[in-house]
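Reading through the structure tokens given below for one structure.
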Amino acid sequence: ADDSRRNDWTATSAIQKWGTTLIGIGIGARFPRLTDKVRRQEVADLFSDFANEADADGVLNLFGLQTMAVETWLGKGEIFVRERPRDLTLPLAVPVQFQMLEPEFVPLLDADTWPGLPVGNRIRQGIELNRYDRRIAYWMFKEHPGDNFNGTASPHDLVRVAASQIWHVYKPERPGQLRGVSMMASVLARLRSTVDFEDAVLDRQKLAN
């Protein structure tokens, strides 16, 4: 799915169009319960300031994060949004920011015992569950595994993040499904065949010329 998204214009176009359809120029906020116009304007200004500072990486605004989240969810099947509370002394309008994390940050790790895992809990596909199958935490790489990863997750590589700080954006297709699947999964083979066919036609035209 990642390869098609990067190299196949049809996959790229489909994801971009879905993102534009769902988010548009951004999902904002309205405050109809605030009847006082001055107070409503103050809150609207505060929200505007927060929107400009919402990205923990300092790259996008809130609406850019929304688009990134949707396009990553559609392309990769899921995205993890981490809430990052900030110190009140920092020059932020609201002391919280959000960090977008690709699915690769949460390894497909299954374990009944693991350093730091509370007794009675277990890890399934990187998600810590209690005995009632409630999500308690996510075990995440400290840095993107694509930067420096030997193929096997070790306790030293992972950090436990409370589920209360994570928004796991995905669409469950069946009961009990823990992780997401790309919306392109069912058409990847056909997309690849189409791309290969177009390349073959172009090559034949070049040889004919």
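The values are calculated or read from the model by the stated rules, or taken from the named source; none is laboratory data. As the structure is a computational prediction, the values presented were derived from the model and not from experiment. Here Cβ is always computed from backbone atoms with ideal geometry, including for glycine, and neighbour counts include all displayed protein chains. What goes into the accessible areas is simple: the full protein's heavy atoms, side chains included, and nothing from ligands, DNA or RNA. Shrake-Rupley method; radii C 1.70, N 1.55, O 1.52, S 1.80 Å.
For Tyr138, state whether it is among the hydroxyl-bearing types (Ser, Thr, Tyr) and touching a residue at least 40 places away in the same chain (Cβ under 8 Å). Here the answer is yes, as Tyr138 does meet what is asked. Looking only at the stretch 1-52, residues that are without any contact (Cβ under 8 Å) to a residue 12 or more places away in the chain, aliphatic (A, V, I, L, M) and surrounded by 14 or more Cβ atoms within 10 Å (Cβ to Cβ) come to 1 in all.
Close contacts from the stretch 166-192, counting a first residue that is aromatic (Phe, Trp, Tyr) and a second that is modelled with pLDDT of 90 or more and open to solvent by 80 Å² or more (accessible area, probe 1.4 Å), with Cβ to Cβ under 9 Å and a gap of 6+ residues or different chains, come to Tyr170/Val181. Restricted to the stretch 168-209, and to residues there that are hydroxyl-bearing (Ser, Thr, Tyr) and outside any helix (DSSP H, G or I), the residue that is surrounded by the most Cβ atoms within 10 Å (Cβ to Cβ) is Ser182. Number of residues in the stretch 115-147 that are in contact with a strand residue (DSSP E or B) (Cβ under 6 Å, 6 or more places away or on another chain), open to solvent by 50 Å² or more (accessible area, probe 1.4 Å) and assigned to a loop (DSSP other than H, G, I, E, B) equals 2. Does the stretch 37-53 contain at least one residue that is closer than 21 Å to Met100 by Cα, part of a loop (DSSP other than H, G, I, E, B) and touching a helix residue (DSSP H, G or I) at 6+ places or on another chain (Cβ under 9 Å)? Checking the stretch 37-53: not a single residue is closer than 21 Å to Met100 by Cα, part of a loop (DSSP other than H, G, I, E, B) and touching a helix residue (DSSP H, G or I) at 6+ places or on another chain (Cβ under 9 Å). The set of residues in the stretch 121-130 that are farther than 9 Å from Leu178 by Cβ and either modelled with pLDDT under 95 or under 21 Å from the mean Cα position of the chain (by Cα) (or both) comprises Ile123, Glu128.
Residues being touching a strand residue (DSSP E or B) at 6+ places or on another chain (Cβ under 7 Å) and part of a helix (DSSP H, G or I): count how many of those fall in the stretch 65-105. The total comes to 7.
Name every residue in the stretch 86-106 that is open to solvent by 20 Å² or more (accessible area, probe 1.4 Å) and either closer than 19 Å to Gly126 by Cβ or touching a residue at least 60 places away in the same chain (Cβ under 8 Å) (or both), in order of residue number. Correct list: Gln99, Met100, Glu102, Glu104, Phe105.
Taking only the stretch 72-85 into account, find how many residues are open to solvent by less than 40 Å² (accessible area, probe 1.4 Å) and under 20 Å from Ser4 (Cα atoms). The qualifying residues number 7.
Each residue in the stretch 148-167 was checked for being buried (at least 16 other Cβ atoms within 10 Å of the Cβ) and either acidic (Asp, Glu) or assigned to a strand (DSSP E or B) (or both), and 5 of them qualify.
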